[in-house]
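In what follows, a structure is listed as C-alpha coordinates, so that the remarks can point back to it.
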Amino acid sequence: MELPFAESFKIKMVEKLKRSTQREREEWIKNAKYNLFNIKSEQVFIDLLTDSGTGAMSDKQWSELMLGDESYAGASSYYKMKSAIKSIFNFNYFLPTHQGRAAENVLFSVLIKEGNIVPGNSHFDTTKGHIEFRKATAVDCTIDEAFNTTLIHPFKGNVDLGKLEKVLTSNPIEKIPVIIVTITCNSSGGQPVSMQNLKEVYTLAQKFKVPVFFDSARFAENAYFIKLREKGYENKSIKEIVREMFSYADGMTMSSKKDAIVNMGGFIGFKNEQLFKDASVFNIMFEGFITYGGMSGRDMNALAQGLDESTEFDYLETRIKQVEYLGNKLIEYNIPIQQPIGGHAIFIDAKRFLPNLKKEDYIAQTLAVEIYIEGGVRGVEIGTVMADRDPVTHENRYPDLELVRLAIPRRVYTNNHMNYVAATIINVFNRRESITTGLNITKEAPILRHFTAEFERK
Ligand SMILES: *Cc1c(COP(=O)(O)O)cnc(C)c1O
(Lines give C-alpha, C1' and ligand atoms only; values in the text may rest on other atoms or scores of the structure.)
Protein backbone atom coordinates (compact mmCIF):
# COMPACT_ATOMS: atom_id res chain seq x y z
CA MET A 1 0.00 0.00 0.00
CA GLU A 2 1.28 3.48 -0.80
CA LEU A 3 1.74 5.42 2.41
CA PRO A 4 -0.65 8.35 2.64
CA PHE A 5 0.32 11.95 3.25
CA ALA A 6 0.39 13.01 6.91
CA GLU A 7 1.12 16.28 8.68
CA SER A 8 4.79 17.07 9.41
CA PHE A 9 4.14 17.99 13.06
CA LYS A 10 2.55 16.56 16.18
CA ILE A 11 0.59 18.53 18.76
CA LYS A 12 2.03 19.40 22.17
CA MET A 13 -0.50 21.91 23.47
CA VAL A 14 -4.20 22.27 22.73
CA GLU A 15 -6.82 24.98 23.11
CA LYS A 16 -10.45 24.20 23.78
CA LEU A 17 -13.04 25.02 21.12
CA LYS A 18 -16.60 25.89 22.13
CA ARG A 19 -19.51 24.36 20.29
CA SER A 20 -22.76 26.25 19.89
CA THR A 21 -26.19 25.67 18.35
CA GLN A 22 -27.68 27.29 15.26
CA ARG A 23 -30.28 28.96 17.43
CA GLU A 24 -27.56 30.57 19.61
CA ARG A 25 -25.67 31.73 16.55
CA GLU A 26 -28.83 33.26 15.01
CA GLU A 27 -29.19 35.32 18.17
CA TRP A 28 -25.49 36.28 18.43
CA ILE A 29 -25.17 37.41 14.83
CA LYS A 30 -28.38 39.43 15.09
CA ASN A 31 -27.01 41.17 18.20
CA ALA A 32 -23.72 41.71 16.33
CA LYS A 33 -25.71 43.56 13.62
CA TYR A 34 -24.77 40.86 11.09
CA ASN A 35 -21.11 41.89 11.15
CA LEU A 36 -18.71 38.99 11.85
CA PHE A 37 -16.08 41.40 13.21
CA ASN A 38 -18.51 42.07 16.10
CA ILE A 39 -18.72 38.41 17.12
CA LYS A 40 -16.72 37.23 20.14
CA SER A 41 -14.12 34.59 19.25
CA GLU A 42 -15.72 32.18 21.75
CA GLN A 43 -18.90 32.33 19.66
CA VAL A 44 -16.93 30.93 16.70
CA PHE A 45 -16.21 27.20 16.29
CA ILE A 46 -13.72 27.43 13.42
CA ASP A 47 -12.20 30.83 12.82
CA LEU A 48 -11.10 31.46 9.23
CA LEU A 49 -11.37 35.26 9.42
CA THR A 50 -7.66 35.63 8.69
CA ASP A 51 -4.33 33.78 8.58
CA SER A 52 -2.61 36.87 9.98
CA GLY A 53 -1.10 36.48 13.43
CA THR A 54 -3.29 33.42 14.07
CA GLY A 55 -0.69 30.69 13.49
CA ALA A 56 0.60 28.24 16.10
CA MET A 57 4.23 28.70 17.13
CA SER A 58 6.49 25.66 17.40
CA ASP A 59 8.17 24.35 20.55
CA LYS A 60 11.40 25.92 19.28
CA GLN A 61 9.73 29.30 18.83
CA TRP A 62 8.28 29.16 22.35
CA SER A 63 11.76 28.27 23.64
CA GLU A 64 13.21 31.27 21.86
CA LEU A 65 10.81 33.53 23.81
CA MET A 66 12.64 32.57 26.99
CA LEU A 67 15.98 33.57 25.45
CA GLY A 68 14.79 37.03 24.40
CA ASP A 69 17.15 39.90 25.20
CA GLU A 70 15.12 42.97 26.14
CA SER A 71 18.02 45.46 26.06
CA TYR A 72 17.03 48.78 24.56
CA ALA A 73 20.05 48.94 22.25
CA GLY A 74 22.12 46.19 20.69
CA ALA A 75 20.09 43.26 22.03
CA SER A 76 21.25 39.78 21.01
CA SER A 77 17.68 39.23 19.72
CA TYR A 78 18.27 41.99 17.17
CA TYR A 79 21.40 40.22 15.96
CA LYS A 80 19.57 36.90 15.81
CA MET A 81 16.96 38.48 13.55
CA LYS A 82 19.66 40.23 11.51
CA SER A 83 21.47 36.98 10.88
CA ALA A 84 18.22 35.16 9.92
CA ILE A 85 17.41 37.93 7.41
CA LYS A 86 20.93 37.79 5.99
CA SER A 87 20.92 34.01 5.62
CA ILE A 88 17.39 33.70 4.20
CA PHE A 89 17.06 36.83 2.01
CA ASN A 90 20.70 37.94 1.71
CA PHE A 91 19.88 41.49 2.80
CA ASN A 92 22.60 43.22 4.83
CA TYR A 93 20.33 45.87 6.35
CA PHE A 94 16.98 45.66 8.08
CA LEU A 95 14.66 47.52 10.42
CA PRO A 96 12.23 45.76 12.76
CA THR A 97 8.65 47.14 12.88
CA HIS A 98 5.57 46.12 14.85
CA GLN A 99 3.79 44.70 11.79
CA GLY A 100 3.62 44.88 7.98
CA ARG A 101 1.76 48.16 7.59
CA ALA A 102 4.26 49.83 9.92
CA ALA A 103 7.05 48.68 7.60
CA GLU A 104 5.12 50.28 4.72
CA ASN A 105 4.65 53.49 6.68
CA VAL A 106 8.37 53.81 7.44
CA LEU A 107 9.58 52.89 3.95
CA PHE A 108 7.05 55.04 2.11
CA SER A 109 7.89 58.02 4.34
CA VAL A 110 11.26 57.99 2.60
CA LEU A 111 10.26 56.94 -0.90
CA ILE A 112 6.82 58.25 -1.80
CA LYS A 113 5.85 61.87 -2.45
CA GLU A 114 2.62 63.55 -3.51
CA GLY A 115 1.80 62.91 -7.17
CA ASN A 116 3.98 59.77 -7.40
CA ILE A 117 2.96 56.61 -9.22
CA VAL A 118 3.61 53.17 -7.73
CA PRO A 119 3.11 50.25 -10.13
CA GLY A 120 2.70 46.69 -8.89
CA ASN A 121 0.53 43.56 -8.94
CA SER A 122 -2.78 44.22 -7.10
CA HIS A 123 -1.35 46.09 -4.10
CA PHE A 124 -2.62 44.88 -0.73
CA ASP A 125 -5.16 47.22 0.89
CA THR A 126 -2.83 48.62 3.60
CA THR A 127 -0.12 49.14 0.96
CA LYS A 128 -2.55 50.99 -1.26
CA GLY A 129 -3.80 52.91 1.78
CA HIS A 130 -0.30 54.09 2.65
CA ILE A 131 0.33 55.10 -0.99
CA GLU A 132 -2.97 57.00 -1.33
CA PHE A 133 -2.54 58.61 2.10
CA ARG A 134 0.54 60.32 0.58
CA LYS A 135 -1.58 61.50 -2.38
CA ALA A 136 0.19 59.11 -4.72
CA THR A 137 -1.39 56.51 -7.01
CA ALA A 138 -1.07 52.71 -7.03
CA VAL A 139 -1.30 51.31 -10.57
CA ASP A 140 -2.31 47.67 -10.90
CA CYS A 141 -0.25 45.86 -13.55
CA THR A 142 -1.38 42.28 -12.78
CA ILE A 143 -1.90 39.97 -15.78
CA ASP A 144 -5.50 39.89 -17.06
CA GLU A 145 -5.80 36.13 -16.37
CA ALA A 146 -5.89 36.91 -12.62
CA PHE A 147 -9.38 38.37 -12.83
CA ASN A 148 -11.11 35.28 -14.23
CA THR A 149 -11.87 32.96 -11.28
CA THR A 150 -12.36 29.87 -13.44
CA LEU A 151 -9.24 30.17 -15.59
CA ILE A 152 -6.37 27.87 -14.61
CA HIS A 153 -2.96 29.57 -14.76
CA PRO A 154 0.04 28.54 -12.63
CA PHE A 155 1.15 32.10 -11.75
CA LYS A 156 -1.88 34.34 -11.56
CA GLY A 157 0.06 36.82 -9.42
CA ASN A 158 2.41 37.72 -12.31
CA VAL A 159 3.06 41.29 -13.37
CA ASP A 160 2.11 42.08 -16.98
CA LEU A 161 5.41 43.40 -18.33
CA GLY A 162 3.66 45.29 -21.12
CA LYS A 163 1.46 47.14 -18.63
CA LEU A 164 4.49 47.86 -16.41
CA GLU A 165 6.59 49.14 -19.28
CA LYS A 166 3.74 51.41 -20.34
CA VAL A 167 3.62 52.95 -16.85
CA LEU A 168 7.41 53.39 -16.89
CA THR A 169 7.52 55.00 -20.33
CA SER A 170 4.38 57.15 -20.20
CA ASN A 171 5.26 59.00 -16.95
CA PRO A 172 8.24 61.14 -15.97
CA ILE A 173 10.53 58.51 -14.43
CA GLU A 174 11.27 60.65 -11.34
CA LYS A 175 7.58 60.27 -10.45
CA ILE A 176 8.00 56.51 -10.03
CA PRO A 177 9.90 55.95 -6.77
CA VAL A 178 9.43 52.17 -6.47
CA ILE A 179 7.78 49.11 -8.00
CA ILE A 180 6.05 46.82 -5.49
CA VAL A 181 5.62 43.13 -6.23
CA THR A 182 3.43 41.28 -3.75
CA ILE A 183 4.38 37.62 -3.20
CA THR A 184 2.05 35.77 -3.10
CA CYS A 185 -0.48 38.24 -4.45
CA ASN A 186 -3.01 38.44 -1.61
CA SER A 187 -5.59 40.58 -3.39
CA SER A 188 -5.81 38.25 -6.40
CA GLY A 189 -6.37 35.23 -4.15
CA GLY A 190 -2.99 34.19 -2.73
CA GLN A 191 -1.72 33.56 -6.25
CA PRO A 192 2.03 33.14 -6.81
CA VAL A 193 4.47 35.07 -9.00
CA SER A 194 6.93 33.02 -11.09
CA MET A 195 10.70 33.29 -10.78
CA GLN A 196 10.90 34.24 -14.44
CA ASN A 197 8.45 37.09 -13.87
CA LEU A 198 10.35 38.36 -10.81
CA LYS A 199 13.54 38.33 -12.88
CA GLU A 200 11.96 40.11 -15.84
CA VAL A 201 10.40 42.79 -13.63
CA TYR A 202 13.79 43.43 -12.02
CA THR A 203 15.59 43.61 -15.37
CA LEU A 204 13.04 46.11 -16.68
CA ALA A 205 13.17 48.14 -13.45
CA GLN A 206 16.97 48.32 -13.59
CA LYS A 207 16.78 49.64 -17.14
CA PHE A 208 14.72 52.53 -15.77
CA LYS A 209 16.72 52.73 -12.49
CA VAL A 210 13.58 52.24 -10.38
CA PRO A 211 13.99 50.13 -7.20
CA VAL A 212 11.89 46.99 -6.72
CA PHE A 213 10.52 46.07 -3.29
CA PHE A 214 8.72 42.82 -2.53
CA ASP A 215 5.69 42.93 -0.26
CA SER A 216 6.70 39.58 1.17
CA ALA A 217 4.08 38.43 3.70
CA ARG A 218 3.72 35.01 1.99
CA PHE A 219 7.11 34.72 0.30
CA ALA A 220 7.65 31.12 1.46
CA GLU A 221 4.32 29.95 0.04
CA ASN A 222 5.33 31.65 -3.21
CA ALA A 223 8.62 29.71 -3.21
CA TYR A 224 6.72 26.44 -2.71
CA PHE A 225 4.61 27.12 -5.81
CA ILE A 226 7.77 27.91 -7.82
CA LYS A 227 9.25 24.56 -6.75
CA LEU A 228 6.12 22.68 -7.76
CA ARG A 229 5.13 24.56 -10.90
CA GLU A 230 8.16 26.16 -12.54
CA LYS A 231 10.56 24.21 -14.73
CA GLY A 232 14.11 24.04 -13.39
CA TYR A 233 13.20 24.44 -9.71
CA GLU A 234 11.87 20.97 -8.89
CA ASN A 235 15.16 19.87 -7.33
CA LYS A 236 16.04 23.12 -5.57
CA SER A 237 15.42 23.59 -1.86
CA ILE A 238 12.93 26.22 -0.69
CA LYS A 239 15.80 28.20 0.86
CA GLU A 240 17.69 28.20 -2.47
CA ILE A 241 14.55 29.37 -4.28
CA VAL A 242 13.94 32.13 -1.72
CA ARG A 243 17.54 33.35 -2.11
CA GLU A 244 17.15 33.58 -5.87
CA MET A 245 13.74 35.32 -5.59
CA PHE A 246 15.16 38.05 -3.38
CA SER A 247 18.20 38.54 -5.61
CA TYR A 248 15.68 40.25 -7.93
CA ALA A 249 14.69 42.89 -5.34
CA ASP A 250 16.27 45.97 -3.79
CA GLY A 251 14.38 45.38 -0.58
CA MET A 252 11.30 43.99 1.09
CA THR A 253 8.52 44.81 3.51
CA MET A 254 7.32 41.94 5.65
CA SER A 255 4.26 41.21 7.73
CA SER A 256 5.74 38.51 9.95
CA LYS A 257 2.23 37.58 11.10
CA LYS A 258 2.02 35.41 7.99
CA ASP A 259 5.08 33.48 6.79
CA ALA A 260 7.23 34.09 9.87
CA ILE A 261 4.49 32.33 11.91
CA VAL A 262 4.45 34.81 14.80
CA ASN A 263 1.48 36.58 16.31
CA MET A 264 2.90 40.08 15.87
CA GLY A 265 5.89 41.60 14.07
CA GLY A 266 7.33 42.86 10.81
CA PHE A 267 10.42 44.33 9.18
CA ILE A 268 11.94 46.09 6.20
CA GLY A 269 14.96 44.56 4.43
CA PHE A 270 17.36 46.60 2.28
CA LYS A 271 20.25 46.03 -0.10
CA ASN A 272 21.15 49.71 -0.09
CA GLU A 273 22.81 51.24 2.97
CA GLN A 274 21.77 54.82 2.25
CA LEU A 275 18.08 53.94 1.96
CA PHE A 276 18.36 51.98 5.22
CA LYS A 277 19.88 55.03 6.91
CA ASP A 278 17.18 57.35 5.57
CA ALA A 279 14.45 54.97 6.72
CA SER A 280 16.06 54.60 10.17
CA VAL A 281 15.06 58.20 10.96
CA PHE A 282 11.40 57.40 10.42
CA ASN A 283 11.72 54.05 12.20
CA ILE A 284 12.98 55.80 15.32
CA MET A 285 10.14 58.31 15.08
CA PHE A 286 7.26 55.87 14.43
CA GLU A 287 8.38 52.48 15.76
CA GLY A 288 11.34 52.64 18.15
CA PHE A 289 15.11 52.54 18.16
CA ILE A 290 16.55 50.65 15.20
CA THR A 291 17.53 47.56 17.21
CA TYR A 292 13.95 46.84 18.36
CA GLY A 293 11.59 49.03 16.29
CA GLY A 294 8.26 48.14 17.87
CA MET A 295 9.15 44.56 18.82
CA SER A 296 10.10 42.86 22.07
CA GLY A 297 13.43 41.00 22.07
CA ARG A 298 11.65 37.69 22.65
CA ASP A 299 9.39 38.31 19.67
CA MET A 300 12.40 39.01 17.43
CA ASN A 301 13.83 35.64 18.54
CA ALA A 302 10.61 33.79 17.71
CA LEU A 303 10.46 35.59 14.37
CA ALA A 304 13.99 34.55 13.43
CA GLN A 305 13.17 30.93 14.28
CA GLY A 306 9.85 31.18 12.37
CA LEU A 307 11.62 32.33 9.18
CA ASP A 308 13.78 29.23 9.30
CA GLU A 309 10.79 26.90 9.84
CA SER A 310 8.57 28.44 7.18
CA THR A 311 11.26 27.95 4.54
CA GLU A 312 11.36 24.18 5.10
CA PHE A 313 9.62 22.10 2.43
CA ASP A 314 7.88 19.75 4.90
CA TYR A 315 6.20 22.61 6.72
CA LEU A 316 5.03 24.24 3.46
CA GLU A 317 3.77 20.96 2.02
CA THR A 318 1.64 20.33 5.11
CA ARG A 319 0.35 23.89 5.04
CA ILE A 320 -0.56 24.15 1.38
CA LYS A 321 -1.89 20.59 1.13
CA GLN A 322 -4.39 21.47 3.86
CA VAL A 323 -5.66 24.48 1.92
CA GLU A 324 -5.90 22.27 -1.20
CA TYR A 325 -7.68 19.56 0.79
CA LEU A 326 -10.47 21.96 1.72
CA GLY A 327 -10.59 23.46 -1.78
CA ASN A 328 -10.79 20.06 -3.50
CA LYS A 329 -13.63 18.96 -1.20
CA LEU A 330 -15.59 22.05 -2.18
CA ILE A 331 -14.87 21.55 -5.89
CA GLU A 332 -16.09 17.94 -5.56
CA TYR A 333 -19.48 19.32 -4.47
CA ASN A 334 -19.52 21.93 -7.27
CA ILE A 335 -19.11 24.87 -4.90
CA PRO A 336 -17.89 27.81 -7.02
CA ILE A 337 -14.43 28.76 -5.77
CA GLN A 338 -11.53 30.68 -7.25
CA GLN A 339 -9.09 28.43 -9.13
CA PRO A 340 -6.39 27.38 -9.01
CA ILE A 341 -6.49 27.13 -5.21
CA GLY A 342 -4.14 29.72 -3.67
CA GLY A 343 -1.64 29.38 -0.85
CA HIS A 344 -3.42 30.59 2.25
CA ALA A 345 -7.15 30.72 1.64
CA ILE A 346 -10.17 29.54 -0.30
CA PHE A 347 -12.23 32.22 -2.02
CA ILE A 348 -15.90 31.38 -2.62
CA ASP A 349 -17.48 33.13 -5.59
CA ALA A 350 -20.62 34.40 -3.86
CA LYS A 351 -22.39 35.65 -7.00
CA ARG A 352 -22.31 32.16 -8.47
CA PHE A 353 -23.17 30.61 -5.08
CA LEU A 354 -26.26 32.77 -4.45
CA PRO A 355 -27.71 33.54 -7.90
CA ASN A 356 -31.04 34.76 -6.46
CA LEU A 357 -29.48 37.83 -4.85
CA LYS A 358 -29.00 41.24 -6.45
CA LYS A 359 -25.83 43.27 -6.03
CA GLU A 360 -27.68 45.65 -3.68
CA ASP A 361 -28.16 42.72 -1.27
CA TYR A 362 -24.45 42.62 -0.23
CA ILE A 363 -24.16 39.11 -1.64
CA ALA A 364 -20.86 38.01 -0.09
CA GLN A 365 -21.72 39.50 3.31
CA THR A 366 -25.03 37.59 3.23
CA LEU A 367 -23.19 34.36 2.38
CA ALA A 368 -20.61 34.88 5.16
CA VAL A 369 -23.47 35.34 7.66
CA GLU A 370 -25.26 32.18 6.42
CA ILE A 371 -22.05 30.15 6.74
CA TYR A 372 -21.58 31.38 10.30
CA ILE A 373 -25.15 30.52 11.28
CA GLU A 374 -24.95 27.09 9.66
CA GLY A 375 -21.79 25.85 11.37
CA GLY A 376 -20.13 28.57 13.47
CA VAL A 377 -17.45 29.01 10.78
CA ARG A 378 -16.21 32.59 10.41
CA GLY A 379 -14.94 33.81 7.03
CA VAL A 380 -14.72 37.34 5.72
CA GLU A 381 -16.48 39.33 2.99
CA ILE A 382 -14.33 40.65 0.16
CA GLY A 383 -16.92 42.42 -1.92
CA THR A 384 -19.10 45.52 -1.98
CA VAL A 385 -18.88 46.20 1.76
CA MET A 386 -15.07 46.10 1.73
CA ALA A 387 -14.92 48.13 -1.50
CA ASP A 388 -16.38 51.16 0.35
CA ARG A 389 -18.29 54.00 -1.33
CA ASP A 390 -16.88 56.18 -4.09
CA PRO A 391 -15.25 59.11 -2.26
CA VAL A 392 -16.76 61.60 -4.74
CA THR A 393 -20.25 60.30 -5.57
CA HIS A 394 -20.79 58.41 -2.27
CA GLU A 395 -22.41 55.62 -4.26
CA ASN A 396 -21.57 52.00 -3.48
CA ARG A 397 -18.69 50.65 -5.57
CA TYR A 398 -19.66 47.23 -6.91
CA PRO A 399 -16.51 45.17 -7.58
CA ASP A 400 -16.53 42.49 -10.29
CA LEU A 401 -16.06 39.79 -7.69
CA GLU A 402 -18.10 39.15 -4.56
CA LEU A 403 -15.96 36.76 -2.51
CA VAL A 404 -16.09 35.07 0.87
CA ARG A 405 -12.54 34.31 1.96
CA LEU A 406 -11.80 31.36 4.22
CA ALA A 407 -8.21 31.94 5.40
CA ILE A 408 -6.53 28.96 7.03
CA PRO A 409 -4.33 29.71 10.09
CA ARG A 410 -0.93 27.98 10.03
CA ARG A 411 -0.59 24.71 12.01
CA VAL A 412 -3.84 25.35 13.93
CA TYR A 413 -6.64 23.13 12.59
CA THR A 414 -6.73 19.48 11.54
CA ASN A 415 -8.23 18.06 8.37
CA ASN A 416 -11.25 16.95 10.42
CA HIS A 417 -11.87 20.64 10.98
CA MET A 418 -11.59 21.11 7.21
CA ASN A 419 -14.21 18.36 6.73
CA TYR A 420 -16.47 20.22 9.13
CA VAL A 421 -15.97 23.50 7.23
CA ALA A 422 -16.71 21.77 3.92
CA ALA A 423 -19.92 20.20 5.30
CA THR A 424 -21.04 23.58 6.61
CA ILE A 425 -20.61 25.17 3.20
CA ILE A 426 -22.21 22.25 1.36
CA ASN A 427 -25.26 22.54 3.64
CA VAL A 428 -25.65 26.23 2.82
CA PHE A 429 -25.16 25.43 -0.88
CA ASN A 430 -27.93 22.82 -0.74
CA ARG A 431 -30.38 25.42 0.59
CA ARG A 432 -29.18 28.26 -1.64
CA GLU A 433 -32.50 28.47 -3.56
CA SER A 434 -34.24 29.46 -0.31
CA ILE A 435 -31.87 32.41 0.24
CA THR A 436 -33.68 35.13 -1.66
CA THR A 437 -33.09 38.24 0.43
CA GLY A 438 -29.90 39.89 1.58
CA LEU A 439 -28.91 42.66 3.97
CA ASN A 440 -29.24 46.44 4.28
CA ILE A 441 -26.58 48.65 5.85
CA THR A 442 -27.97 50.68 8.75
CA LYS A 443 -24.71 52.32 9.93
CA GLU A 444 -21.27 52.70 8.37
CA ALA A 445 -17.99 54.58 8.74
CA PRO A 446 -16.75 56.77 5.87
CA ILE A 447 -13.72 54.53 5.13
CA LEU A 448 -12.83 50.91 5.91
CA ARG A 449 -16.49 50.44 6.76
CA HIS A 450 -16.37 46.64 6.76
CA PHE A 451 -14.86 46.51 10.25
CA THR A 452 -17.71 48.36 11.96
CA ALA A 453 -20.71 48.49 9.58
CA GLU A 454 -24.09 47.46 10.97
CA PHE A 455 -26.65 45.52 8.94
CA GLU A 456 -30.24 44.31 9.13
CA ARG A 457 -31.99 41.57 7.21
CA LYS A 458 -34.10 42.87 4.30
C1 LIG B 1 -1.04 41.41 5.93
C2 LIG B 1 -0.39 42.07 4.79
C3 LIG B 1 0.15 43.36 4.90
C4 LIG B 1 0.00 44.19 6.16
O5 LIG B 1 0.59 43.60 7.23
P6 LIG B 1 0.04 43.75 8.75
O7 LIG B 1 0.98 42.94 9.52
O8 LIG B 1 -1.37 43.25 8.77
O9 LIG B 1 0.12 45.20 9.08
C10 LIG B 1 0.78 43.89 3.80
N11 LIG B 1 0.86 43.21 2.63
C12 LIG B 1 0.36 41.97 2.50
C13 LIG B 1 0.50 41.24 1.20
C14 LIG B 1 -0.29 41.36 3.56
O15 LIG B 1 -0.82 40.14 3.41
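What is the angle, in °, between the Cα long axis of helix 22-31 and the longest principal axis of the Cα atoms in the chain? Nearest 10 is fine, range 0 to 90. Long axis of 22-31 versus the principal axis of the chain: about 60 degrees. The slack between residue 458 and residue 395, meaning 0.36 nm per residue of separation minus the straight C-alpha distance, is 20.8 nm. If you sort 62, 28 by accessible surface, 1.4 Å probe, largest first, the order is 62, 28. Ignoring lysines fewer than eight residues from residue 359 along the same chain, the ones with Cα atoms less than 16 angstrom from its Cα are 351, 458. Put the Cα centre of segment 94-133 next to the Cα centre of segment 189-227 and the gap is 17 Å. On full extension, the segment bounded by residue 92 and residue 27 gains 18.0 nm, given 0.36 nm per residue less the C-alpha separation. PRE reach from residue 427 (point 7 Å along Cα→Cβ): which of segment 367-399 fall under 13 Å by backbone N? Zone members listed by number: 370-378.
A simple spin-label model places pseudo-atoms 7 Å from Cα toward Cβ; at residue 1 and residue 358 they are separated by 5.6 nm.
Against the chain, whose longest principal axis comes from its Cα atoms, helix 238-247 is set at around 60 degrees. Taken one residue at a time, the phi angles of segment 302-307 give Karplus couplings (6.51, -1.76, 1.60, θ = phi - 60°) of 5, 5, 4, 5, x, 4 Hz. Gly and Pro are set to x.
Compared with the direct C-alpha span, the chain from residue 170 to residue 247 gains 25.0 nm at full extension, assuming 0.36 nm per residue. Karplus-derived 3J(HN,Hα) values for segment 387-403, using 6.51 cos²θ - 1.76 cosθ + 1.60 with θ = phi - 60°, are 6, 6, 8, 4, x, 8, 8, 6, 8, 4, 9, 9, x, 4, 10, 10, 10 Hz; glycine and proline are entered as x. Taking the C-alpha atoms only, the angle from helix 273-286 to the longest principal axis of the chain is near 50 degrees. Computed about the Cα centre, the dipole magnitude for the chain is approximately 200 debye when only Lys and Arg (+1) and Asp and Glu (-1) carry charge, each at its Cβ. Taking the 1.4 Å solvent-accessible surface of segment 59-310 as the whole, the part contributed by carbon and sulfur is 54%. Between residue 11 and residue 135, the distance separating the two model label sites (each 7 Å from Cα on the Cα→Cβ line) works out to 5.4 nm.
With a threshold of 26 Å on the Cα-Cα distance, the over-threshold entries among 128/156; 113/163; 209/257; 60/86; 16/82 are 209/257; 16/82. Calculated [222 nm] ellipticity per residue, helices only, for the chain: -12000 deg cm²/dmol; basis is -39500 (n - 2.57) per DSSP H run with n ≥ 4, divided by all residues, nearest 500. In order along segment 343-357, phi translates into HN-Hα couplings of x, 10, 7, 10, 10, 8, 7, 6, 5, 7, 6, 10, x, 7, 8 Hz, rounded to whole numbers, per the Karplus curve 6.51 cos²θ - 1.76 cosθ + 1.60 with θ = phi - 60° and x for Gly and Pro. Of all DSSP-defined beta bridges confined to the chain, some 65% are antiparallel rather than parallel. Of the whole protein surface, residue 9 contributes about 80 Å² of accessible area at a 1.4 Å probe radius.
Normalised per residue, the accessible area of the chain is 44 Å², obtained with a 1.4 Å probe and no contribution from ligands, DNA or RNA. Restricting attention to segment 59-310, close to 50% of DSSP beta bridges with both partner residues there are antiparallel. The modelled label-to-label distance between residue 229 and residue 148, using points 7 Å beyond Cα along the C-beta direction, is 1.5 nm. Leaving out ligands, DNA and RNA, and with a 1.4 Å probe, what % of the accessible surface on segment 377-458 is carbon or sulfur? About 53 percent, which is the carbon plus sulfur part of the accessible surface. Taking the square roots of five times each eigenvalue of the Cα gyration tensor of the chain, the equivalent ellipsoid has semi-axes of 34, 27, 23 Å, listed largest first.
For residue 401, no residue 5 or more places off, or on another chain, has a built amide H under 5 Å of its own.
The values are calculated or read from the model by the stated rules, or taken from the named source; none is laboratory data. Source: prediction; values computed, not measured. Quick reminder, even Gly has a Cβ in these numbers, built from the backbone with ideal geometry, and neighbours come from all protein chains shown. These area figures cover heavy atoms from the full protein model, side chains too; ligands, DNA and RNA do not enter into them. Shrake-Rupley method; radii C 1.70, N 1.55, O 1.52, S 1.80 Å.
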